[in-house]
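Engineer: Got a structure for you, questions after.
Just so you know, all these numbers are worked out from the coordinates, no wet-lab data involved. What you see is a predicted model, and the numbers here were worked out from it, not measured in a lab. Here Cβ is always computed from backbone atoms with ideal geometry, including for glycine, and neighbour counts include all displayed protein chains.
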Amino acid sequence: MILRLNPRLLPVLVTAILLVLLFVAGAIRFDGFGSLRVVMNLFTDNAFLGITAIGMTFVILSGGIDLSVGAVIAFSSVLCAVLIEQQGWHPLLAIPVVIGCGALLGLVMGMLIHCYNMQAFIVTLAGMFFARALATILSEQSIPIEHGFYDAVNNFGIMLPGRAWLGSGAMIFFLVFLLAIWLLHYTRTGGFIYALGGNAASSALMGVPVGRTRVLVYVLSGTLAATGGVVYSFYTASGYALSGIGLELDAIAAVVIGGTLLSGGIGYVHGTLLGVLIMGLIQTWISFDGTLNSWWTKIVIGVLVLAFICLQHGLSRQLGSKST
Amino acid sequence: MNKLFHQITHSRLYWPVMALLLILLANLFISPGFFELEFRDGRVYGSLVDILNRGAPVALLAIGMSLVIATGGVDLSVGAVIAITGAVCANLLNSSADSLFIVISLGLFAGLVAGFINGSLVSFLGIQPIVATLVLMVAGRGIAQLINNGQIITFSHEGFAFLGVGSVLGLPTPVVIVLVVLAALHCLVRFTALGLFIEAVGCNPRASHLAGVHVNAVKLSVYCISGLCAALAGMIITADIQGADANNAGLWLELDAILAVVIGGSALTGGRFSLLLSVIGVLIIQALGTTILVSGIAPQYNLLIKSLVIVAVLLLQAPLFKQQFKQQLSGLVRRRAA
């Protein structure tokens with residue numbers, strides 16, 4: 001039975017088992033850990049990371065990488081705050097503009113990467129500097145956002161049994177997740193992204209529009225990172241230029257833990273969802289424990305990433321030997 | 001004369017050095033006292049020395065990074081290694097084993113271990129360099145926090161502080177350390193076959209393997225050298241502020257180091273490299289930062305200008321852009337003529 005399992009699903013399966021084990025262990029160890037409330041909080045607290053990580057999944061599946069997402073989140077939250085608080089825009093007008101800016105940055109980076117054949121890593125690094133600089137130039141101080149619309153969105157949600165709260169952030173996360181699954185698995189574009197990550201040269205020969213697809217994944221990533229930034233501004237009710245530092249690494253780690261191959265072509269969005277939840281669960285564990293310090297999060301995530309990379313390494317060898 | 005001119009303008013040093021001179025010249029107009037040097041208390045003071053001194057840690061990183069990038073890799077963990085080394089040294093200085101020799105050796109050893117881990121992941125496990133070094137980049141700051149027990153550890157130790165604030169032969173110690181490391185590594189890669197091996201691995205790992213180059217050993221060694229350089233940079237930074245801050249020590253410096261190597265004209269895909277050009281790249285970044293400060297532009301613009309410089313340098317290196325640029329130029333000339 002296990003032998004017949006698609007080896008591509010194995011990392012996702014390992015992640016899922018790990019997630020369940022971690023949750024059960026936490027539920028046994030701590031009072032109140034094994035509740036629907038904790039699960040729902042996982043979604044609410046990590047909504048912005050999850051949305052960003054889904055964008056990152058597209059990029060990594062296509063064989064690229066996007067280091068600018070953390071800075072784009074900061075820039076988006078600051079731009080939101082500036083437009084709403086200082087310029088007096090209505091959030092419904094400001095949010096599309098902010099998301100459009102994220103998409104535009106993604107478009108420029110994608111064009112540079114595709115047209116001039118530059119390395120994604122260094123171009124998105126420049127994008128990261130650029131977005132972070134724009135955010136600091138807009139405002140160095142944290143700007144609190146006080147607007148009726150923000151209160152309404154933050155108060156919007158569904159009360160579930162056990163005082164669990166399904167908030168608007170979590171709902172946006174679910175919506176993005178479903179859209180991502182639809183795009184990747186039920187449209188032609190999704191197939192193009194997988195093909196591009198599998199082998200760019202042969203996919204070009206097969207008639208995959210390589211340029212369009214490559215630019216598209218960076219636009220998607222920029223759009224989703226900006227969306228994550230907007231969700232973050234809802235979550236913190238403020239915009240701050242120094243928020244989201246190192247978030248690109250968290251997003252990449254979530255994608256890797258979710259079983260997506262960093263060389264591209266193999267992976268699933270639901271793996272990324274599980275990866276985000278595992279990272280959230282580790283943080284929840286540490287806050288429940290109280291004696292552990294937050295830096296353990298970094299070490300545990302580092303070890304997990306390492307373990308999954310080694311697992312993938314063995315796996316890709318297995319896949320490689322099968323094809324020859 | 002013409003031949004000499006041609007040789008100079010076509011040297012790889014030409015554009016980076018011109019850029020550096022241009023930035024320095026701009027300062028002459030902004031602040032006339034920029035080039036003044038002063039000899040006081042057995043040390044040279046002045047803006048130029050400041051640029052060298054402030055750029056020293058990044059220069060060390062860039063020297064190690066050039067070798068790693070030449071093999072087609074990249075080392076993202078150097079910032080975290082700086083934090084780890086700082087934490088190791090600061091804690092040792094506060095313990096009973098505070099002999100300078102032990103502290104420096106163990107600090108270097110920490111960097112070597114980090115480099116060895118990176119190198120093993122890249123060479124023996126065949127993991128992509130970005131990912132392999134990402135692990136230590138994420139976990140490294142956690143480890144440094146663990147060593148520091150979440151505190152910022154301060155110390156007072158004259159011998160160790162000398163690394164950061166002392167002076168040798170009138171020059172600040174960090175500058176002297178960079179010069180020594182640059183000279184030593186230059187000899188190592190240019191007077192032995194190692195440099196050739198590194199470039200061969202970067203150009204084509206498979207071909208160099210078939211030609212009998214021990215690819216894995218070469219890769220392992222460059223990551224170890226990069227780890228050692230990062231450890232030295234970490235000690236300079238720690239000695240400079242006489243404390244170890246696991247969160248902020250060396251933050252973003254890996255990016256500056258990579259940027260310096262790119263500005264120095266090395267391709268990120270590997271192959272040809274030059275340690276001297278990478279150090280000039282660091283000086284360009286540092287001089288640019290100083291210029292921005294001196295000219296009264298808000299420091300927030302530093303990062304913005306840096307990002308635009310990266311894109312400009314990458315564009316200038318891209319073959320397609322060169323072609324388009326030449327076409328535009330010749331089109332312009334033709335229109336003028338007509």
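Engineer: Taking the alpha carbon gyration tensor of the protein assembly as shown, what are the square roots of 5 times its eigenvalues, largest first, to the nearest whole Å?
Structural biologist: 40, 30, 28
Engineer: Within chain B, what's the longest run with no trypsin sites (Lys or Arg not before Pro) in a DSSP loop and at most 15 other beta-carbon atoms within 10 Å? Give the range, please.
Structural biologist: Details: sites that count: B:Arg12, B:Arg272.
With a cap of 15 other Cβ atoms within 10 Å, the longest stretch comes to B:13-271.
Engineer: Identify all lysines with a Cα-Cα distance to B:Lys3 below 25 Å; exclude those on the same chain that are fewer than 8 residues away in sequence.
Structural biologist: B:Lys322, B:Lys326
Engineer: What is the sum of charges, Lys and Arg at +1 and Asp and Glu at -1, for the other residues whose Cβ falls under 11 Å from the Cβ of A:Phe192?
Structural biologist: Residues close to A:Phe192 contribute a combined charge of +3.
Engineer: What does the charge count around B:Ala233 come to, taking other residues whose C-beta lies under 15 Å from its C-beta (Lys +1, Arg +1, Asp -1, Glu -1)?
Structural biologist: Its environment carries a net charge of -4.
Engineer: Ok, one more. At most 16 other C-beta atoms within 10 Å and a DSSP loop state: those are the exposed chymotrypsin sites (Phe, Trp or Tyr not before Pro) I care about. Give me the longest piece of chain B that has none.
Structural biologist: Segment B:1-123 is the longest.
Engineer: Right, something else. Distance from a point 7 Å along Cα→Cβ of B:Ala298 to each backbone N in segment A:143-164: keep the residues under 13 Å and list them by number.
Structural biologist: In segment A:143-164, the label zone of B:Ala298 (backbone N under 13 Å from the point 7 Å along Cα→Cβ) covers no residue.
Engineer: Same structure again: Is it possible to state the helix-based mean residue ellipticity at 222 nm for chain B, with each DSSP H run of 4+ residues giving -39500 (n - 2.57), the sum divided by total residues, to the nearest 500 deg cm²/dmol? What is it?
Structural biologist: Helix-only estimate at 222 nm: -24000 deg cm²/dmol.
Engineer: What does segment A:7-318 give for Rg and for Dmax, in Å, if only its C-alpha atoms count?
Structural biologist: Gyration radius and largest Cα-Cα distance of segment A:7-318: 19.2, 58 Å.
Engineer: Also, I was wondering about something else. For chain A, set up a GNM with springs between Cα atoms under 10 Å and report which of A:Val72, A:Val14, A:Val303 has the largest fluctuation.
Structural biologist: Comparing A:Val72, A:Val14, A:Val303 in the GNM, the peak value goes to A:Val303.
Engineer: Then there is this: Give me the percent relative contact order of segment A:7-318, please, defined on Cα pairs under 8 angstrom at least 6 residues apart.
Structural biologist: 35 percent.
Engineer: Measure out, as a whole number of angstrom, how far apart the alpha-carbon centroids of segment A:79-111 and segment A:285-304 sit.
Structural biologist: With segment A:79-111 and segment A:285-304 each reduced to a Cα centre, they are spaced 34 Å.
Engineer: Moving on to the next point. Based on the Cβ-Cβ distance from A:Trp182 to A:Gln87, what FRET efficiency comes out when R0 is 30 Å, to the nearest 0.05?
Structural biologist: FRET efficiency, A:Trp182 to A:Gln87: 0.30.
Engineer: If the elastic network links every pair of Cα atoms under 10 Å, which of A:Gly265, A:Gly34, A:Gly100 fluctuates the most in the Gaussian network model of chain A?
Structural biologist: Judging by the Gaussian network model, the answer is A:Gly34.
Engineer: Straight-line reach from B:Lys219: which aspartates and glutamates have a Cα under 17 Å away, not including same-chain ones fewer than 8 places off?
Structural biologist: Correct list for B:Lys219: B:Asp75, B:Glu199.
Engineer: Still on this model: Within a 10 angstrom radius of each residue's Cβ in B:122-130, how many Cβ atoms of other chains show up on average? Whole number is fine.
Structural biologist: So the per-residue partner count for this stretch is 3.
Engineer: Which helices, taking whole DSSP H runs in chain B, have alpha carbons extending 30 angstrom or more along the helix axis plus mean Kyte-Doolittle at least -1.0?
Structural biologist: Qualifying helices: B:47-70, B:100-123, B:215-241.
Engineer: Only Cα pairs within less than 10 Å get springs; with that Gaussian network setup on chain B, which residue of B:Thr238, B:Thr85, B:Thr291 has the largest fluctuation?
Structural biologist: Largest GNM mean-square fluctuation: B:Thr291.
Engineer: Which value results for Rg/Rh of segment B:1-138 when Rg is the Cα radius of gyration and Rh the Kirkwood radius based on the inverse mean 1/r?
Structural biologist: With Rg and the Kirkwood Rh in hand, the quotient comes to 1.10.
Engineer: For every helix of n ≥ 4 consecutive DSSP H residues, a contribution of -39,500 (n - 2.57) applies; sum these over chain A, divide by its total residues, and give [θ] at 222 nm rounded to the nearest 500 deg cm²/dmol.
Structural biologist: About -24000 deg cm²/dmol.
Engineer: If we count every other residue with Cβ under 13 angstrom of A:Met56's Cβ, Lys/Arg +1 and Asp/Glu -1, where does the sum land?
Structural biologist: -3
Engineer: A further question on this structure: Relative to the Cα centre, what is the charge dipole magnitude of segment A:7-318, using +1 at the beta carbon of each Lys and Arg, -1 at the beta carbon of each Asp and Glu, and rounding to the nearest 20 debye?
Structural biologist: In debye, rounded to 20, segment A:7-318 gives about 820.
Engineer: Please report, ordered by residue number, every helix of chain A (full DSSP H runs) that is 20 Å or longer along its axis going by C-alpha atoms and whose mean Kyte-Doolittle hydropathy reaches -0.5.
Structural biologist: Span-like helices here: A:10-29, A:47-61, A:91-115, A:120-138, A:168-186, A:210-236, A:269-289, A:295-323.
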